[in-house]
Amino acid sequence: MKFLAEFIMRGRMSAMMVASTLALISLILPPVSIVSSATVALVTLRRGAYEGLYVLISSSVAAALLGFLVLGGYQFALLYGLVLWIPIWVISIVLREGRHLSLAVEIAVLLGAAAVLLFYGVQEDPARLWESVLVQIAKPMMDANPDVPVENVQQSLSTFARFMTGIIAAGAVYGMLFGLFLGRWWQATLYNPGGFRQEFLALRTHPRLAIGSVLIVLAAWWTSGVLSEAAWNVSILFFVLYTFIGSAVLHNLLARTKISHFLVPMMYVTLLLIPHVMLPVAVLGLLDTWLNLRNKFLVIEPK
């Protein structure tokens, strides 16, 4: 994808073209939104906040015009672009000025947690809201399978609805961070080969944040009602944080093996295909805050 990064960095028009076009394509193919976000991230990381903001605004206008021509209305495309690009622009500034990938990741997760708490502050009963949405989505499937007990389906939807706020926020944070990582990787590929790898493998978090994460999980266990529900949803955001850190720890540990060229890619494929594996990886990332596992092993660069 180096050719795409080179095309983006040719000028404002190139960056605007890529960001706006891919944003609309992502309405059909959601993963494409990561590449669109990475475009804004790359420009911001390399040329600064002002240039990134210029591309963001120009791309939003371009997306609105494309939306008007393709969808028949500009409002949705404009709002979608702003929601997609403003958060990545903010954390790209954090990374550019702070020069620490860990800080940018923490800020992204904290923004997600703040969004969850804000939603619980303005919405009286988020679980009931999501349950009504899920019921509407599941209704065609329930009608097509009348043999399935309705009570069991409703109970499952009710349970799932309690965590929907955190799940949606986590999905948004994952997308934002993948966009940031892709933008940073592009920047390293063009101007500092190998730089992103070093940054990612050094990814870790502050002990105070780890203690706060544990306290939130304990609050979710020990409390009840809306407070417990909100705490569980915020915990999902910290799960995102420690999944990335745990992945960096595992990458470090596997990189010292003789078959690292096989084990490291297999680790990431496993994380993508088997989501249940993320839980022990997140626990490993949390423990690394105090055990500093990476410094206990010598990482040998694969040849």
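The table for this structure:
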read-out	value
Restricting segment 14-27 to residues that are more than 14 Å from Ile86 (Cα to Cα) and of a type in the set (A, V, I, L, M), the residue that is most open to solvent (accessible area, probe 1.4 Å)	Met17
Pairs, first over 17 Å from Trp130 (Cα atoms) and open to solvent by less than 20 Å² (accessible area, probe 1.4 Å) in segment 226-248, second of a type in the set (D, E, K, R) and part of a helix (DSSP H, G or I), C-beta under 8 Å, six or more apart	Leu241/Glu106; Ile245/Asp288; Gly246/Asp288; Ala248/Arg294
So Arg197, is it under 23 Å from Thr44 (Cα atoms), charged (D, E, K, R), modelled with pLDDT of 90 or more and surrounded by fewer than 19 Cβ atoms within 10 Å (Cβ to Cβ)	yes
Options Ile57, Ile86: the member that is surrounded by fewer than 17 Cβ atoms within 10 Å (Cβ to Cβ), touching a residue at least 24 places away in the same chain (Cβ under 8 Å) and among the hydrophobic types (A, V, I, L, M, F, W, C)	Ile86
Considering residues of segment 28-53 that are open to solvent by 70 Å² or more (accessible area, probe 1.4 Å) and of a type in the set (A, V, I, L, M) only, the residue nearest to the chain's Cα centre (by Cα)	Leu29
Residue satisfying condition, being touching a residue at least 40 places away in the same chain (Cβ under 8 Å) and either at positive phi or out of contact with any strand residue (DSSP E or B) (no Cβ under 6 Å at 6 or more places or on another chain) (or both), within set Gly121, Gly73, Gly81, Gly98	Gly81
Any hit, segment 275-288, residues being under 21 Å from the mean Cα position of the chain (by Cα) and modelled with pLDDT under 90	yes
Single match in Val105, Val90 (criterion: among the hydrophobic types (A, V, I, L, M, F, W, C), part of a helix (DSSP H, G or I) and farther than 18 Å from Ser36 by Cβ)	Val105
So Gly175, is it closer than 16 Å to Ala230 by Cα, open to solvent by less than 70 Å² (accessible area, probe 1.4 Å), outside any loop (DSSP other than H, G, I, E, B) and in contact (Cβ under 8 Å) with a residue 12 or more places away in the chain	no
Of the criteria (1) without any contact (Cβ under 8 Å) to a residue 60 or more places away in the chain; (2) closer than 22 Å to Val35 by Cα; (3) surrounded by 19 or more Cβ atoms within 10 Å (Cβ to Cβ), which one Trp130 fails	(2)
Selection from segment 179-194 of residues that are assigned to a helix (DSSP H, G or I) and polar (S, T, N, Q)	Gln187, Thr189
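The values are calculated or read from the model by the stated rules, or taken from the named source; none is laboratory data. Because the structure is predicted, anything quoted here is derived from the model rather than measured. So basically every Cβ, Gly included, is an ideal-geometry build from the backbone, and we count neighbours across all protein chains shown. Side chains are part of the model used for accessible areas, which takes the heavy atoms of the whole protein and leaves out ligands, DNA and RNA. Shrake-Rupley method; radii C 1.70, N 1.55, O 1.52, S 1.80 Å.
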